[in-house]
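Scroll down for the structure; my scribbles are underneath it.
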Amino acid sequence: MAKGTKKSAKVGTTGAAKKLPPRSRAHVLYHKDGSVWARGRMAGDMMAGYWEWYRSDGTIMRSGSFENGEPVGAWTTYDSQGNVVKVTNKSKRPRATGAPRGAPARSDPLGRSRTPVHADILAYNAAQSGIDKRICDALAKAIDRHLPDAESRIWHGHPVWFLDGNPIAGYSKLKDCIRLLFWSGQSFDEPGLTPEGSFRAAEARYTSEDQIPAKDLKRWLAKSIAIQWDYKNIVKRKGKLIRLK
């Protein structure tokens, strides 16, 4: 599709003619206001086939396809009028010999996890573009590896990992970077983390995946298990934060 070509902005109409992946099911994600954010297919825990992402006003924002959970083929970005502004070709990465289908093809320097990242978080990452997506993917894999007992999901619009319902770590897209946040990070005593907000959270910001310090991140995630403040019950305690560990 050439740049400047217009595509329908109606939610759910643009991918109807696409061939459905075998043994897949429909999956829909929503914005906080209840409008459709993304629509596509899931095969088990992996995104499969054709997906589309939408703005909260219903206009299409991005589209592309997955094979074995990996982006493949042409990925298209649209402006608010439905015009194509960019097409990126995603090369399929070869899997390592003997690697299970859907597993990473090579080691990730930030944590070689084979635990599937939550589908909604994969969708969040896929909705980012270029460098931001690579940062999000690297952070998700590292957090999943080093917080093996954590539950992950999209919370308040961003990927977050929880232990026993308590938010531990997560990341979000800011205007010019990706922010990594630890809810109890101010108690880690780590110079690489900057205080954020009026409670105990601390953050680090990245504009390239090369800026993510693998050893530091591993240590921060270990501390996020050992050091926790009780955000889970902060509303019940009327804004009072109590240390759990």
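Each reported figure results from applying straightforward, stated rules to the coordinates on display, with no laboratory input. As the structure is a prediction and not an experimental result, all values here were calculated from the model. No Cβ is skipped: glycine too gets one built from the backbone with ideal geometry, and neighbour counts run over all protein chains shown.
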Placing one equal point scatterer on each C-alpha of segment 158-202 and summing with Debye, one gets log10 I(q)/I(0) at q = 0.26 Å⁻¹ equal to -0.99
In debye to the nearest 20, the charge dipole size for segment 107-245, taken about the Cα centre with +1 at each Lys and Arg Cβ and -1 at each Asp and Glu Cβ, equals 440 debye
For Gly73, other-chain or 5+-apart residues with amide H closer than 5 Å (H placed, Pro excluded) are Lys90, Lys92
The alpha-carbon center of segment 25-63 and that of segment 190-245 are separated, in whole Å, by 30 Å
Taking placed amide H atoms and a strict 5 Å upper bound, the residues 5 or more places from Tyr78 or on another chain that come that close are Arg62, Val85
One finds, for Lys218 and His158 with R0 = 25 angstrom and r their Cβ-Cβ distance, a FRET efficiency to the nearest 0.05 of 0.70
Eigenvalues of the alpha-carbon gyration tensor of segment 107-245, times 5 and square-rooted, give semi-axes in Å, largest first, of 23, 16, 15
Under 24 Å between C-alpha atoms, the lysine pairs in segment 107-245 lying 8 or more places apart or on different chains count 24
